[in-house]
Structures are given as C-alpha cells and as structure tokens.
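Just so you know, all these numbers are worked out from the coordinates, no wet-lab data involved. Not measured: the values here are computed from a predicted model. Positions of Cβ are generated from backbone atoms using ideal geometry, with glycine treated the same way; all protein chains shown enter the neighbour counts.
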Amino acid sequence: SVLTVACEQTEVLLFDPISSKHIKTLSEAHEDCVNNIRFLDNRLFATCSDDTTIALWDLRKLNTKVCTLHGHTSWVKNIEYDTNTRLLVTSGFDGNVIIWDTNRCTEDGCPHKKFFHTRFLMRMRLTPDCSKMLISTSSGYLLILHDLDLNKSLEVGSYPILRARRTTSSSEMTSSSSSAPRTVGSPCHQNDSGLLSEKQMSRSSQREGGSPRNSLEVLTPEVPGERDRGNCITSLQLHPKGWATLLRCSSNTDDQEWTCVYEFQEGAPVRPVSPRCSLRLTHCIEEANVGRGYIKELCFSPDGRMISSPHGFGIRLLGFDAYCSELVDCLPKEAGPLKEIRSLYSHNDVVLTTKFSPTHCQIASGCLSGRVSLYQPKF
C-alpha cells in the first residue's frame with residue numbers, strides 16, 4: 001500500500017502506488033545518501049545510509065524516527081529481516097554483517113552484535129526461510145552460510161570452510177582464485193589482500209557431506225565470457241521460493257554486464273572426493289553497458305516467474321521461457337538465455353533500481369536523475 005524511495009540526498013519519499021500520489025517526504029531521514037529500505041511489517045520500516053546508521057520508522061508517526069541504530073563504521077548498504085525471530089540483519093562496506101534484536105528496541109536503539117565479517121562485501125541476502133545467508137563481493141566471490149543460526153556470532157576461523165570452487169555446469173574444478181579486487185566506491189577495506197587465508201581454505205578438506213550450522217561455502221560464480229577475467233557481483237537477489245539466486249555481474253573493466261540465474265543444488269557432493277557446489281548456472285543474458293560504475297538493482301516478480309532488470313534508460317522483463325513458466329519447468333542441462341518478454345522505457349537517465357509490487361500487477365523503477373516511474377504492463 002506504500003511505495004518508499006531511497007534517495008541520494010538524505011531523503012526518503014513515500015507514494016501511494018495505486019493513485020501515484022506523493023504522500024510525504026522525509027527530508028532529513030539521514031545525514032547522507034539513503035541506500036536501502038525494508039518493511040518489517042505493515043507499519044514499521046527500516047532505512048540505512050552512507051552516514052553508517054540504520055533508522056526505524058513507523059508509518060503512523062513519520063515526524064520522528066522510532067530509533068537510530070549505531071554499529072557500522074562505513075556505508076550501510078543492505079537490510080534483511082527474520083520475521084520469526086524479529087532479528088534485523090544489516091551489512092555495509094565495513095565488511096560487517098550485524099544482527100539487531102528488535103524485540104528489545106528502545107528509543108536509544110537495539111541490542112546488536114557483529115555476526116560475520118568478510119572483505120570486499122557488496123550485498124547480503126537471506127533466503128525466504130532464513131536457512132541460508134548469501135554474501136556477494138566486489139572481488140567476484142559468492143559466500144553461502146548454510147543451516148543459518150543468527151544467534152551464533154561468527155569470528156574469522158571459527159566456522160567450517162567448504163572448498164572454494166567455480167560454479168560450472170560441466171567441469172569438476174576443485175578450487176578457484178580471485179582476480180585483483182576493484183574499487184567500487186567503498187572508502188575502506190580496499191587495501192585488504194585476499195578474502196580468506198590459505199590456512200582457512202585448507203581446513204575445508206576436513207569436512208565432506210552434510211553441513212554443520214553456519215558452515216561457509218565459497219564460490220566464484222561462472223559468468224559467460226568472463227572465464228579468464230575477474231568480475232564483480234554488484235547486485236544479489238533471491239527467488240521468492242528460495243529456488244535460485246539472481247546476480248548482476250560486471251567485468252573488472254566495466255565493459256560487460258550480465259544478469260545470471262543460479263539454481264540451488266542441495267545435498268552432498270556428487271562424488272565423495274568432489275567439493276560441494278550449491279549453485280548451478282541455468283540462465284543468463286547480457287545487459288546494456290550503460291551507466292558504467294553504477295550498480296543496477298534487479299528483482300524477481302512475487303511468483304518468481306519473471307525478472308525485472310534495469311536496461312539503459314528503461315527496464316526489461318525477462319522470463320525463463322517465452323511463456324513465463326516456473327523455473328523448475330525450464331531447467332536446461334546447460335545454461336541457456338533468459339527470454340526478453342517486454343521492454344519498458346520512460347526515463348531520460350540510467351535506471352538504477354526496479355521493484356515489483358507484492359500485491360498488484362505493477363512495477364516501479366527509479367533512475368539516476370531522480371524520476372520514479374510506475375508501470376502496469378499488459379501482455
């Protein structure tokens with residue numbers, strides 16, 4: 001019933017998505033760029049910012065914040081929420097994933113703890129059932145924490161490591177190495193060398209088969225055309241039924257961008273001597289190389305049958321086949337192309353984000369110059 005918009009200049013905008021009317025502007029929601037907004041229920045929502053804070057808001061009283069959360073030391077980019085435990089999960093360019101207990105929230109904030117840390121962190125997501133946490137990095141790694149337990153803090157070296165490997169549909173590689181990391185606007189941690197130490201990586205050989213709580217899997221997702229070149233995972237989303245992950249990847253030189261879908265593969269390794277690989281590339285498509293250096297946030301439709309992807313000055317609606325079938329009915333033996341269902345263009349600048357309404361046949365998109373567009377596509 002409410003469309004919230006995170007803006008570059010400290011503002012949050014609220015609209016009625018049905019009438020397209022502007023409801024309110026939170027002109028000083030933060031002291032720096034607002035990066036992400038997450039509803040916790042039908043009235044409470046959280047915002048995060050480059051000012052290193054997270055703010056909680058109540059739709060019934062928008063003149064003041066419910067509270068401000070302090071704990072990150074750099075730009076905060078992601079907000080996730082576990083509705084069962086009422087734990088708020090945030091991540092930022094300080095490399096930290098922090099857990100906030102909203103059950104014990106006061107005007108002064110919420111109790112919090114650092115849950116996980118990794119270098120080059122870009123995006124963090126929880127699967128719909130909160131059984132996994134996925135973290136993407138600017139150095140091309142994708143981290144998966146299996147059998148997630150948010151109540152247990154993880155320090156470096158205290159979690160079981162699964163061997164890093166490239167996600168391919170045919171090869172039996174055992175490990176992969178990262179290319180040199182590239183800077184993606186983070187003011188800190190870019191001088192760190194490597195993601196995990198060789199000692200930590202070698203510990204992976206001690207485990208095979210099923211995963212203990214919070215076991216870490218390190219992957220370098222296969223990206224078409226990038227086998228011998230590094231890539232950066234800039235956007236990370238998850239299928240609403242938890243079947244797959246959706247990545248927007250760009251080459252280190254920013255001359256190519258791809259949207260890729262990876263199916264989750266559960267269970268033990270195919271062979272006892274093989275490392276587990278939980279993701280398999282199923283679909284991909286090359287994107288317009290417009291707006292270099294900016295991150296384009298894409299998304300699944302609520303039923304998971306379509307993908308909305310920023311494409312130049314508009315968006316593309318993509319399907320697993322031309323009939324918008326379910327992913328499970330369109331799993332190829334080898335990776336195939338996503339099908340373009342419809343293109344929608346109404347902006348005069350590069351589109352950076354897009355989102356489906358969870359309840360209506362409606363899509364929103366926002367561009368670099370600040371215009372927000374609402375679509376009700378007809379097929």
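Packing-based ranking of 70-82, 51-63 yields 70-82, 51-63, ordered from highest to lowest mean Cβ neighbour count within 10 Å. Taken along its principal axes, the alpha carbon cloud of region 31-117 reaches lengths of 34, 29, 21 Å, longest axis first.
Please state the charge dipole magnitude for region 31-117, taken about the Cα centre, from unit charges on C-beta atoms (+1 on K and R, -1 on D and E), reported in debye and rounded to the nearest 20. Charge dipole of region 31-117: 280 debye, to the nearest 20.
Dividing the C-alpha radius of gyration of region 327-379 by 2.2 N^0.38 Å, with N its residue count, gives 1.45. Only aspartates and glutamates eight or more places from LYS114 in sequence, or on another chain, were considered; those with a Cα closer than 14 Å are ASP94, ASP101, ASP149, GLU155. Output the pairs from LYS152/LYS333; LYS61/LYS132; LYS21/LYS355; LYS21/LYS241; LYS21/LYS65 with a Cα-Cα distance over 27 Å in this structure; if there are none, say none. From the list (LYS152/LYS333; LYS61/LYS132; LYS21/LYS355; LYS21/LYS241; LYS21/LYS65), the Cα-Cα distance tops 27 Å for LYS152/LYS333; LYS61/LYS132; LYS21/LYS241.
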